[in-house]
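Values quoted throughout were computed directly from the atomic coordinates according to the rules given, and no laboratory measurement underlies them. Keep in mind it's a predicted model, so treat the numbers as computed, not measured. Here the Cβ is made from the backbone with ideal geometry for all residues, glycine too, and neighbour counts use every protein chain on show.
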Amino acid sequence: MPMQVTVLRLLVLAVLAASALAFTSYALARPPVFAVVPSQAVAGASTQPQTSLTAAVSRQIAADRRSLGRVLRSEQQNAAAAHLAAARTSTAKANDLLASEDLAGRAQQAAAADAAHAVRLRQSIAALEKALQPVVVPAAALASAPNALGAYAVAIAERYLGVRYVWGGGLPESGFDCSGFVKYVYGQLGVQLPHYAASQWDETTHVDPSQLEPGDLVFFEPKSDGPGHVGMYVGNGTFIEAPHTGAVVQFQNLAFEAATMGFVGAGRPSA
């Protein structure tokens with residue numbers, strides 16, 4: 001009787017482990033979704049907690065590490081169950097032999113699946129950690145493709161979608177204003193820009209709007225001392241901006257903004 005109870009417990013453990021594996025495998029197969037706040041949904045955004053893509057990635061890394069710990073514990077339990085079942089197979093009576101062998105096989109399969117799941121989680125963690133590393137532009141890339149700097153700038157800028165607008169802000173932890181946002185992004189690439197849209201207009205190389213490339217700065221709101229607003233062109237008639245109080249870093253249609261605020265022109269930062 002004790003042996004039958006033990007075998008039953010091991011069988012239940014194997015079933016539970018298989019169920020848990022199926023659930024975690026499904027969750028892992030679904031990539032993390034990072035929502036971009038559309039411009040139409042900005043109203044009232046200040047009442048909601050805003051986080052950057054970097055913060056979301058960090059949370060996903062933490063979640064993956066917790067999952068990895070659970071999977072490793074499950075792998076150890078299943079491996080121990082497989083070992084125990086295999087040991088008892090040698091002493092099992094004829095009528096219990098098939099059940100013991102089946103239990104050992106199931107536990108071994110569950111342990112192998114846990115091991116494979118752990119590999120995928122480690123790969124996911126490594127990829128996400130790499131995404132958080134500062135972007136370094138290879139000198140060779142800049143020499144062979146002058147517009148490579150702008151492409152890197154766009155990749156960095158998109159990490160901060162969802163960061164709240166703060167007047168005078170220049171850090172993702174506290175918030176950005178329009179010029180502080182592009183200043184911070186280009187600062188990570190070694191390009192120093194002033195923290196004022198009109199000054200950025202003065203210090204960048206002006207380009208014809210028909211020749212816009214990703215990473216170019218686009219300026220709006222004509223004033224006597226220069227433009228009052230700036231964003232970063234990303235391509236296909238779209239740019240990314242920190243628009244105004246109560247809003248967050250988001251994508252916007254270039255033609256719409258130009259018609260609404262007045263378009264001044266475009267400037268290209270250089271290393």
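Counted by Cβ distance under 9 Å from GLY231, the other residues give a net charge of -2, where Lys and Arg count +1 and Asp and Glu count -1.
Remark on region 139-268: hydrodynamic radius 14.4 angstrom, per the Kirkwood mean of 1/r across alpha carbon pairs.
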